[in-house]
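S.K.: One structure coming up, written as structure tokens, with questions to follow.
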Amino acid sequence: MTLPSPSRFLSHRVAGLKPSGIRKFFDIVATMKDVISLGIGEPDFVTPQPILDAGIASLRAGNTHYTSNAGIIELRRAVCTHLEKLYGVCYDPATEIVVTVGVSEALYLAMTAILEVGDEVIIPTPCFVAYQAEVIMAGGVAVEIPSKVENHFMPDPKEIEAAITPRTKAIFIGYPNNPTGAVASREVLIEIGKIAEKHDLVMISDEIYDRLVYGTPHISFPALPGMRDRTILLGGFSKDYAMTGWRIGYACAPAELLTGLLRVHQYTIMSAPTSAQDAALVAVEQGEDHVAAMVEEYDRRRKLIVNGLNELGLKTFEPHGAFYAFPNISASGMDEETFSELLLHEEKVAVVPGSAFGVGGEGFVRCSYATAYEKIEEALVRMERFMRRHG
């Protein structure tokens, strides 16, 4: 008897999703020894001790039950104070903030809450691999607008406006940017905001790397004139506070919008992990010195990897945010997929092909410097050998 293929039961939206270009390489890495990973976007720091202690104390106190759907009010108040202090944008903790299971859930909530089937979302690329997938899973259509290195990987507002159709619902931006490390200028963001206002579009701004900037300020999109009332702000604790495994993020939006996100959250998650919320409260209230120390170390690594890649002939845009370098690998004579595969197998250095991050990533690879300085030094030695053979 021939058994039916289970895949025939999958929805067309899910069946058509491309596998993550990041995970493809890390499935291979998991089978190898002595690999130096410059691929994964995760801090190598352990969560700072006061935050760890708060999570442990929460468990020992028996805080193992559900919280309010929106999250503990103390954390929402702390996030409100934090954003107002840093960026001058204020949200009502009671009605305009929801604590989520990382920014990944916040992204899912935003797309599910605002999109009808067939709605279009304009996404400047290269960008984090989940953006397009979340749009598609919510029934929408992702419209990619490639940014260019000569424009410092900032989108051209004219190209964004030219892509708007009657089905356009939102513009989705993510700065500081993964994978390029670009930080958007106030001038460009204001122009994008004017376009959103002119066409009455929702803005979604992923600002998970907001504290990881070097020599330039982060501009929070909802703090721009007139933007708060049309923006869903996504933020969290994973990158800034080295809390990836705690899975705590948040979404902020005007109450009418936030109600939609909260409704989806109620029926899919219930509430974010309680002890992780308690730890995040300590992070936002007491973590500044730890954030500053990590940023200082990231900056040291940033200079090492950017200078090192340039010396190898891999021309590298200078990143001013997040913890990624995005070198152009054309000097190798290979495309980004071949470069990444050969580098991994020949020298055991893992990077991610730029094409995994959407249109505009072709000819680049992403190198994370969220790993130890000494490992980056060794990775550059291995890459030099590689380029001597292939450059």
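S.K.: Given charges of +1 on the Cβ of Lys and Arg and -1 on the Cβ of Asp and Glu, with all other atoms neutral, how large is the dipole of segment 49-286 about its Cα centre, in debye to the nearest 20? Walk me through the numbers before you get to the answer.
M.R.: On the way: 17 positive and 27 negative charges, 65 e Å.
Value, rounded to 20: 320 debye.
S.K.: With unit charges on the beta carbons (Lys and Arg positive, Asp and Glu negative) and the dipole taken about the Cα centre of the chain, which residue among 338, 75, 365 sits farthest to the positive side?
M.R.: It is 338.
S.K.: Principal axes first, then extents: for the Cα atoms of the chain, list largest minus smallest coordinate on each axis, whole Å, largest first.
M.R.: Principal-axis extents of the Cα atoms in the chain, largest first: 64, 60, 51 Å.
S.K.: How much FRET efficiency would the formula 1/(1 + (r/R0)^6) give for residue 388 and residue 45, where r is the Cβ-Cβ distance and R0 is 41 Å, rounded to 0.05?
M.R.: Efficiency for this residue pair is about 0.80.
S.K.: Further question on the same structure: Shape of segment 183-255 from its Cα gyration tensor (a ≥ b ≥ c, root eigenvalues): rounded if a/c is under 1.5, otherwise prolate when a/b > b/c, or oblate?
M.R.: Working: a/c = 3.17, a/b = 1.50, b/c = 2.12.
Here segment 183-255 falls in the oblate category.
S.K.: Out of the trypsin sites (Lys or Arg not before Pro) in segment 70-161, which ones are loop residues according to DSSP with at most 15 other C-beta atoms within 10 Å?
M.R.: 148
S.K.: I've got another one for you. Please label the shape of segment 149-302 as rounded, prolate or oblate, based on the square roots a ≥ b ≥ c of the eigenvalues of the alpha-carbon gyration tensor (a/c under 1.5 means rounded; beyond that, a/b larger than b/c means prolate, else oblate).
M.R.: The shape class here is oblate.
S.K.: Moving to a separate point now. If you take every DSSP beta bridge whose two residues both sit in the chain, what share of them, in percent to the nearest 5, is antiparallel?
M.R.: Expressed as a percentage, antiparallel bridges in the chain total about 45.
S.K.: Want the number for residue 18 to residue 150: 0.36 nm per residue separation, take away the alpha-carbon distance, what's left?
M.R.: Net length gain for the segment: 44.7 nm.
S.K.: Give me the dipole magnitude in Debye, nearest 20, for segment 76-159 about the Cα centre, with unit charges on the beta carbon: positive for Lys and Arg, negative for Asp and Glu.
M.R.: Dipole about the Cα centre, nearest 20: 380 debye.
S.K.: Then there's this: Given a Förster distance of 51 Å, report the FRET efficiency between residue 199 and residue 68 from their Cβ-Cβ distance, rounded to the nearest 0.05.
M.R.: Here the calculated transfer efficiency is 0.90.
S.K.: Is segment 232-391 best put as rounded, prolate or oblate by its Cα gyration tensor, with a ≥ b ≥ c the root eigenvalues, rounded for a/c under 1.5, and otherwise prolate when a/b is larger than b/c, oblate when not?
M.R.: It is prolate, given that a/c is not under 1.5 and a/b is the larger ratio.
S.K.: Still on this structure, I have one more. Run lengths n ≥ 4 of DSSP H only: what is the helix-derived mean residue ellipticity at 222 nm for the chain, with -39500 (n - 2.57) per run over all residues, to the nearest 500?
M.R.: Working: 13 runs with 161 residues, N = 391.
Mean residue ellipticity at 222 nm (helix-derived): -13000 deg cm²/dmol.
S.K.: If you take the charge dipole of segment 49-286 about its Cα centre, with +1 on Lys and Arg Cβ and -1 on Asp and Glu Cβ, which of 223, 213, 143 is farthest toward its positive end?
M.R.: The one lying farthest along the dipole's positive direction is 213.
S.K.: Could you tell me how far the Cα centroid of segment 251-269 sits from the Cα centroid of segment 86-104, in Å?
M.R.: 11 Å
S.K.: Still on this model: When the chain is fully extended, how far beyond the present Cα-Cα distance does residue 338 get from residue 32, taking 0.36 nm per residue of separation?
M.R.: 108.3 nm
S.K.: Please list, by residue number, every one of the GluC sites (Glu not before Pro) in segment 59-161 that is coil in DSSP and has at most 10 other beta-carbon atoms within 10 Å.
M.R.: 116
S.K.: Right, here's the next one. Can you give the FRET efficiency for residue 85 and residue 52, using 1/(1 + (r/R0)^6), R0 = 25 Å, r = Cβ-Cβ distance, to the nearest 0.05?
M.R.: 0.55
Computed from the coordinates by the stated procedures, all read-outs in this text should not be read as laboratory data. Here the structure is a predicted model, which is why all the values come from computation and not from measurement. Here Cβ is always computed from backbone atoms with ideal geometry, including for glycine, and neighbour counts include all displayed protein chains.
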